[in-house]
Amino acid sequence: MVSVLKWKDPLLLLGGIGISTIGGWVYLIAINLIVLHETGSPLAMALLYILGPIAAVCSNAWAGSYIDRMNTRTLMIYLDVFRAIGIFLIPFLPSLLYVYVLAFIIHMASAIFEPASMVYMTKLIPKEDRQRFNALRSFIQSSGTIIGPSVAGVLFIAGTPYTAIYVNAAALVGSAFIIRLLPNVDPLLGQGSSPKVTWSMIKNDMKTVVTFCRSSSYVAKIYLLGCGVTIFMTAIDSLEAAFAKGVLLMTDAAYGFFLAVFGAGIIVGSIINSVFAKQLRVKFLIGFGTPAAAIGYFALYSSTHFYHAAAGCFLIGAAITFSNTGFLTFYQNHVPVEVMGRFGSILGIIEAVFIVILTLTIGIAAEFTSIRPVGLIASLGFFILGIVTLRTVMKRKSEIYFRSDGGEEEEVICHSV
């Protein structure tokens, strides 16, 4: 029986993640409506979606050097407060250009927050509890994808998109307060110290990451396969709304229910992962969750009616929860926390670049041909990635990385850095 006291801090962290996720959806919908109202341009909307990956490319090269040398809890609090102030200022900006610039800076802060929070979570959560925690995290985040738009809708009825902006700023302040209540996992690092990061230090950090990737090539390969999942999902998802509304001719109500089905799939997958965390091996989660998600996309883009599409969408939600939980648990178990910030940030540059390239490629192809064949071809590429992932985790020599305890290999990897 899991002790409530033992899970007090993890549950508090999950609460902060939930508040932040709901606030993030409120912000995303509000900023989209503001830009749409100001421009009426689909291109202006598309630019909002690629600001995140571009911001990640600009920040990740040096962000890891800060993360691995700063107190992660303090850094997360600073970033939450900074983002809250930035978002609060959006309604007061004189033109849309300033909105884009500030949104870009906010995305940069978010790009730093993600690997910092990953380092903190890895230090806070004991290894034996990480798989269950990651499943619960997926559940909280998926619930936020359902609750967030609902909250945004209520706020739009009661006020304006700017009202939703203020609520998101308040949510980030609440998240910072919750993080402040969590334990300090970096007692040897100053609470407010900010390391001086130089170009020479960044180059040395990049060499450290390259050295780790060479000495632990299998770990790097699994991480890059996980990046590939994110790249394909982000790019293929960029067609989803246009396919549902333009090809399947869903009404707004039907499309809302369609998104709810996706969230339900994530919730079901998260519950299964959490309840059966001890029985479901990480190898299974990664190896079968990834191709199953690709099959879901095939079902979606080959569908001719709502129920067929909804079934595919449900499968995507459930399968990707398995895949993400597996990749995340493997990453936490086999990348030493001493280099985790640098490792995630620097390899995240590759992910961000390919997200931009593949998303633009798929978008342009769909613009000049049609959505269905482009979606099916992209799904085929995703499925091939899934098969490669399955073969990679099922190789006999990889078994040492997927032992239930993992302790022996963990020590070997940590000492190689």
*asked:* Six or more apart or on different chains, Cβ atoms under 8 Å: show the pairs whose first residue is in segment 295-317 and open to solvent by less than 10 Å² (accessible area, probe 1.4 Å) and whose second is part of a helix (DSSP H, G or I) and among the acidic types (Asp, Glu).
replied: Leu300/Glu240
*Somewhere in segment 2-11, is a residue at pLDDT 75 or above and either crowded, with 18+ Cβ neighbours inside 10 Å or of a type in the set (Lys, Arg) (or both)?*
yes
*Give the residues of segment 173-209 that are outside any helix (DSSP H, G or I), open to solvent by 50 Å² or more (accessible area, probe 1.4 Å) and modelled with pLDDT of 80 or more, sorted by residue number.*
Asn184
*Being under 11 Å from Ala235 (Cβ atoms) and open to solvent by 80 Å² or more (accessible area, probe 1.4 Å) is the filter here, so list the residues in segment 362-387 that pass it.*
none
_Checking the condition touching a helix residue (DSSP H, G or I) at 6+ places or on another chain (Cβ under 8 Å), farther than 17 Å from Ser20 by Cβ and modelled with pLDDT under 90, which residue from Leu89, Leu96, Leu136 passes?_
Leu96
*Does Leu390 satisfy the criteria of being touching a residue at least 12 places away in the same chain (Cβ under 8 Å), assigned to a helix (DSSP H, G or I) and open to solvent by 60 Å² or more (accessible area, probe 1.4 Å)?*
no
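Does Ile286 qualify as being at pLDDT below 90 and surrounded by 20 or more Cβ atoms within 10 Å (Cβ to Cβ)? Don't jump to the end; show me each part of the working.
Numbers: at pLDDT below 90: no; surrounded by 20 or more Cβ atoms within 10 Å (Cβ to Cβ): yes.
When the stated conditions are applied, Ile286 does not pass them.
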*Restricting to segment 244-273, what's the tally of residues that are of a type outside the set (A, V, I, L, M, F, W, C), surrounded by fewer than 19 Cβ atoms within 10 Å (Cβ to Cβ) and in a helix (DSSP H, G or I)?*
5
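Among the helices (runs of 4 or more DSSP H) contained in segment 65-172, which hold 1 or more residues that are within 21 Å of Pro187 (Cβ to Cβ) and open to solvent by less than 20 Å² (accessible area, probe 1.4 Å)? Before you say what the answer is, go through the steps one by one.
Numbers: elements: 72-89, 96-124, 130-158.
Those helices (runs of 4 or more DSSP H) span 72-89, 96-124.
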*Is it the case that Phe327 is in a helix (DSSP H, G or I), surrounded by fewer than 23 Cβ atoms within 10 Å (Cβ to Cβ), modelled with pLDDT of 90 or more and of a type outside the set (Gly, Ala, Ser)?*
no
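The values are calculated or read from the model by the stated rules, or taken from the named source; none is laboratory data. All of these numbers come straight from a predicted model, not from anything done at the bench. Cβ sites come from the backbone with ideal geometry, for glycine too, and all protein chains shown count toward neighbours. We work out accessible area using only protein heavy atoms, side chains counted, and drop any ligands, DNA or RNA first. Shrake-Rupley method; radii C 1.70, N 1.55, O 1.52, S 1.80 Å.
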